[in-house]
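The values are calculated or read from the model by the stated rules, or taken from the named source; none is laboratory data. Keep in mind that this is a model prediction, so the values were computed, not measured. Quick reminder, even Gly has a Cβ in these numbers, built from the backbone with ideal geometry, and neighbours come from all protein chains shown. These area figures cover heavy atoms from the full protein model, side chains too; ligands, DNA and RNA do not enter into them. Shrake-Rupley method; radii C 1.70, N 1.55, O 1.52, S 1.80 Å.
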Amino acid sequence: MPLSFPSLIYVVDDDPAVLHSTCFLLESAGHRAAAFPSGEALLTAFPGPSPAFVLLDQVMPGMDGIEVFGRLRDLDARVPVILITGHPNPSIRTRARAVGIALVEKPLALEDLPGLIAAGKRSGAAMVD
(Lines give C-alpha, C1' and ligand atoms only; values in the text may rest on other atoms or scores of the structure.)
Protein backbone atom coordinates (compact mmCIF):
# COMPACT_ATOMS: atom_id res chain seq x y z
CA MET A 1 0.00 0.00 0.00
CA PRO A 2 2.01 3.01 -1.20
CA LEU A 3 1.58 6.32 0.54
CA SER A 4 0.97 9.52 -1.42
CA PHE A 5 4.69 10.18 -1.04
CA PRO A 6 7.52 7.67 -0.65
CA SER A 7 8.91 7.16 2.82
CA LEU A 8 12.65 6.79 3.27
CA ILE A 9 13.27 3.64 5.30
CA TYR A 10 16.70 2.49 6.46
CA VAL A 11 17.21 -1.27 6.45
CA VAL A 12 20.08 -2.85 8.40
CA ASP A 13 20.90 -6.56 7.97
CA ASP A 14 24.17 -8.45 7.69
CA ASP A 15 22.64 -11.07 5.36
CA PRO A 16 22.95 -9.67 1.81
CA ALA A 17 19.98 -11.72 0.51
CA VAL A 18 17.69 -10.55 3.33
CA LEU A 19 18.90 -6.97 2.94
CA HIS A 20 18.23 -7.00 -0.80
CA SER A 21 14.83 -8.70 -0.52
CA THR A 22 13.65 -6.38 2.28
CA CYS A 23 14.66 -3.29 0.30
CA PHE A 24 12.97 -4.73 -2.80
CA LEU A 25 9.80 -5.39 -0.80
CA LEU A 26 9.71 -1.82 0.50
CA GLU A 27 10.47 -0.32 -2.90
CA SER A 28 7.76 -2.50 -4.49
CA ALA A 29 5.32 -0.86 -2.09
CA GLY A 30 6.39 2.61 -3.24
CA HIS A 31 8.93 3.50 -0.55
CA ARG A 32 12.59 4.43 -0.77
CA ALA A 33 14.96 2.09 1.01
CA ALA A 34 18.58 2.65 1.99
CA ALA A 35 20.53 -0.54 2.72
CA PHE A 36 23.19 -0.91 5.42
CA PRO A 37 25.12 -4.19 5.89
CA SER A 38 25.94 -3.52 9.55
CA GLY A 39 25.12 -1.37 12.52
CA GLU A 40 28.43 0.39 12.12
CA ALA A 41 27.52 1.34 8.53
CA LEU A 42 24.15 2.68 9.70
CA LEU A 43 25.75 4.85 12.36
CA THR A 44 27.85 6.63 9.72
CA ALA A 45 24.60 7.89 8.11
CA PHE A 46 23.81 10.08 11.13
CA PRO A 47 23.44 12.98 11.09
CA GLY A 48 21.94 12.95 7.63
CA PRO A 49 18.60 12.51 5.89
CA SER A 50 15.87 11.63 8.35
CA PRO A 51 14.28 8.27 7.55
CA ALA A 52 10.66 7.53 8.47
CA PHE A 53 12.08 4.68 10.53
CA VAL A 54 14.87 2.11 10.74
CA LEU A 55 14.36 -1.65 10.35
CA LEU A 56 17.24 -2.99 12.42
CA ASP A 57 18.33 -6.63 12.49
CA GLN A 58 19.09 -7.91 15.98
CA VAL A 59 21.57 -10.72 15.31
CA MET A 60 24.62 -9.33 13.51
CA PRO A 61 28.39 -9.66 13.90
CA GLY A 62 29.90 -6.85 15.94
CA MET A 63 27.14 -4.79 17.49
CA ASP A 64 23.72 -6.37 17.74
CA GLY A 65 20.57 -4.38 16.98
CA ILE A 66 19.92 -3.34 20.56
CA GLU A 67 23.50 -2.09 20.90
CA VAL A 68 23.11 -0.10 17.67
CA PHE A 69 19.88 1.37 19.07
CA GLY A 70 21.84 2.54 22.13
CA ARG A 71 24.46 4.17 19.89
CA LEU A 72 21.71 5.94 17.95
CA ARG A 73 20.50 7.36 21.26
CA ASP A 74 24.05 8.52 22.00
CA LEU A 75 24.09 10.32 18.63
CA ASP A 76 20.74 11.97 19.46
CA ALA A 77 19.28 10.52 16.25
CA ARG A 78 15.53 11.16 16.37
CA VAL A 79 14.20 8.20 14.40
CA PRO A 80 11.75 5.39 15.18
CA VAL A 81 13.37 1.94 15.26
CA ILE A 82 11.82 -1.48 14.70
CA LEU A 83 13.93 -4.49 15.59
CA ILE A 84 13.70 -7.46 13.22
CA THR A 85 14.90 -10.95 13.94
CA GLY A 86 14.85 -14.46 12.57
CA HIS A 87 15.78 -15.70 16.07
CA PRO A 88 12.85 -14.59 18.28
CA ASN A 89 14.03 -16.21 21.51
CA PRO A 90 12.79 -15.07 24.92
CA SER A 91 16.07 -13.29 25.71
CA ILE A 92 15.79 -11.05 22.64
CA ARG A 93 12.13 -10.34 23.38
CA THR A 94 12.97 -9.40 26.97
CA ARG A 95 15.86 -7.12 25.95
CA ALA A 96 13.77 -5.44 23.23
CA ARG A 97 10.88 -4.87 25.63
CA ALA A 98 13.26 -3.44 28.26
CA VAL A 99 14.48 -0.70 25.89
CA GLY A 100 11.06 -0.19 24.27
CA ILE A 101 11.76 -1.46 20.76
CA ALA A 102 9.01 -3.09 18.71
CA LEU A 103 10.12 -6.58 17.61
CA VAL A 104 9.04 -8.13 14.31
CA GLU A 105 9.95 -11.62 13.15
CA LYS A 106 11.56 -12.36 9.79
CA PRO A 107 10.84 -13.16 7.07
CA LEU A 108 8.84 -10.05 6.25
CA ALA A 109 6.06 -10.39 3.69
CA LEU A 110 4.27 -7.88 1.49
CA GLU A 111 1.10 -8.22 3.55
CA ASP A 112 3.12 -7.26 6.67
CA LEU A 113 4.16 -3.88 5.25
CA PRO A 114 1.14 -1.71 6.08
CA GLY A 115 1.28 -2.74 9.75
CA LEU A 116 5.04 -2.47 9.86
CA ILE A 117 5.03 1.02 8.35
CA ALA A 118 2.25 2.11 10.68
CA ALA A 119 4.22 0.76 13.65
CA GLY A 120 7.31 2.61 12.50
CA LYS A 121 5.49 5.91 12.21
CA ARG A 122 3.40 5.89 15.34
CA SER A 123 4.81 6.94 18.66
CA GLY A 124 4.60 3.35 19.97
CA ALA A 125 7.74 2.37 18.03
CA ALA A 126 10.96 2.97 19.89
CA MET A 127 12.01 6.51 19.19
CA VAL A 128 15.64 7.39 19.51
CA ASP A 129 15.54 10.79 21.15
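Here are some notes:
- Projected-area mean, the stretch 1-102, by convex hull of Cα positions, square nanometres: 6.4
- Residue-level accessible surface for Ser28, protein heavy atoms, 1.4 Å, Å²: 80
- Nitroxide proxy distance, nm - points 7 Å out along Cα→Cβ at Ser21 and Arg71: 2.6
- For Leu116, the solvent-accessible surface computed with a 1.4 Å probe is close to 10 Å², ligands and nucleic acids excluded.
- Separation of the His87 and Glu40 label points, Cα + 7 Å toward Cβ, nm: 1.9
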